[in-house]
1. Any idea which of (1) farther than 14 Å from Pro272 by Cβ; (2) open to solvent by 30 Å² or more (accessible area, probe 1.4 Å); (3) among the basic types (Lys, Arg) is the one Arg85 doesn't satisfy?
2. Starting from region 265-289, keep only residues that are assigned to a strand (DSSP E or B), then list their pairs with residues that are acidic (Asp, Glu) and open to solvent by 10 Å² or more (accessible area, probe 1.4 Å) whose Cβ atoms are within a distance under 7 Å, requiring at least 6 positions of separation or different chains.
3. Looking at region 155-165, which of its residues are open to solvent by 30 Å² or more (accessible area, probe 1.4 Å) and on the phi < 0 side of the Ramachandran plot?
4. Out of region 92-141, which residues are part of a strand (DSSP E or B), open to solvent by 80 Å² or more (accessible area, probe 1.4 Å) and modelled with pLDDT under 85?
5. Does Leu324 satisfy the criteria of being over 26 Å from Gly162 (Cβ atoms), of a type in the set (A, V, I, L, M, F, W, C), at pLDDT below 80 and touching a Lys or Arg at 6+ places or on another chain (Cβ under 9 Å)?
6. Which members of region 212-263 meet the condition of being within 18 Å of Asp299 (Cα to Cα), part of a loop (DSSP other than H, G, I, E, B), open to solvent by 10 Å² or more (accessible area, probe 1.4 Å) and in contact with a strand residue (DSSP E or B) (Cβ under 8 Å, 6 or more places away or on another chain)?
7. Scanning for something polar (S, T, N, Q) and either touching an Asp or Glu at 6+ places or on another chain (Cβ under 8 Å) or touching a residue at least 60 places away in the same chain (Cβ under 8 Å) (or both), does region 61-70 turn up at least one residue?
8. Restricting region 142-154 to residues that are out of contact with any helix residue (DSSP H, G or I) (no Cβ under 8 Å at 6 or more places or on another chain), more than 17 Å from Ser41 (Cα to Cα) and in contact (Cβ under 8 Å) with a residue 24 or more places away in the chain, which is most open to solvent (accessible area, probe 1.4 Å)?
Amino acid sequence: MKARVGAAALAVIVGGAAAAPVAADSETALDQARRSAQASSFSGVVDVMWRDGKVMRERPLTVKAAGGVLLFGGPTPLMALDQARLVHEDAAWDVLWPAALARLSRPDSGAKYEQRTSVGPQILGYDTVVVDIRRGARIRERLYVERFFGLLLRREQFDDRGQVQRSVGFRELHVDATAPSLPRPVSTTTKALQSVTGGKLHGPYSAPVGLGEGYRRTGAFRQGDVVQVVYSDGIYDLSVFEQRGRLGSKAAPRGGRPVRIEGAKGWHYTWPGGQVILWQAGRTVYTVVADAPYDDVLDAIRTVKGSSSGPSVAFRFRQACRSLVGTFTDER
């Protein structure tokens, strides 16, 4: 669980919950705060909270940053290094997202969201600016940004009823501009997907340029039989993983709540970084990982269309799908 909590906290502070580091065409308060985090030297403890059904869960996590390296502690440490995202497993640093890949271009959030800024409260002795990210009359995000360094001290996400759905905030924070640089990995391994263009995805795979709710395609990636298509609405990131196969109830991880996607049976999972939705359309199994509120994700993915052609797929595909979603659940 701590590895998944760490991934959520890393995504909030420096970006990339469901996608790669993304460059905004029109920079938001989130983009500015994430850039500040990678340029600052600090240490502390963050509390990660998320709503799982009717239960509000919470986990503390240590964090430190210096010299362009941001490190989250725990049994499975995670690192943001320049534009790369790494996880420490099996005594080695594995690159989840390599810096060598071109940065993706995120659409302008102003087409969907409005930002309102006001003077915020003191948090841990630091003056803050509060940034509300709204869609119409509905608040979606509230950011508490430290006024001098620009660090994001707390981030709250709200559901469609105005309740806090998840949050990440510092419990302890020590800023030290003289802190020595953190060590960088001497060597790494990689299991990262390789970048492809949407036009080169043939057969059962699809990569439409846009989904519902204003999500635009920012990149497509592939490794073997798994394709990841990345979308963004300027604030949130959404990844659609596509894999040929059939999904039965035994192939889905435990703990999911039933959901219908255009008549197809699926499962919804909540993790500290947002939402995971798993379903089958035709002979393709889809897994969506997103940091957006659940209602927004559900409306966006209803436009995903599956393919009904092609042969049936062996058990190994179902197992691969189980492993993919298992990363974000307790089945591990």
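The values are calculated or read from the model by the stated rules, or taken from the named source; none is laboratory data. What you see is a predicted model; the values in this text were computed from it and never measured. So basically every Cβ, Gly included, is an ideal-geometry build from the backbone, and we count neighbours across all protein chains shown. Protein only, heavy atoms only, side chains kept; ligands, DNA and RNA dropped before computing areas. Shrake-Rupley method; radii C 1.70, N 1.55, O 1.52, S 1.80 Å.
1. Every listed condition holds for Arg85 apart from (2).
2. From region 265-289, the pairs are Thr270/Asp52.
3. Initial filter on region 155-165 (open to solvent by 30 Å² or more (accessible area, probe 1.4 Å)): 160-164.
Residues satisfying the conditions are Asp160, Arg161, Gln163, Val164.
4. Matches in region 92-141: Leu96 only.
5. Working: over 26 Å from Gly162 (Cβ atoms): yes; of a type in the set (A, V, I, L, M, F, W, C): yes; at pLDDT below 80: yes; touching a Lys or Arg at 6+ places or on another chain (Cβ under 9 Å): no.
Here the answer is no, as Leu324 does not meet what is asked.
6. Matches in region 212-263: Glu262 only.
7. If we filter region 61-70 for residues that are polar (S, T, N, Q), which is where we start, we get 62.
Those left that are additionally either touching an Asp or Glu at 6+ places or on another chain (Cβ under 8 Å) or touching a residue at least 60 places away in the same chain (Cβ under 8 Å) (or both): none.
No.
8. If we take residues in region 142-154 being out of contact with any helix residue (DSSP H, G or I) (no Cβ under 8 Å at 6 or more places or on another chain), more than 17 Å from Ser41 (Cα to Cα) and in contact (Cβ under 8 Å) with a residue 24 or more places away in the chain, then Arg154 is most open to solvent (accessible area, probe 1.4 Å).
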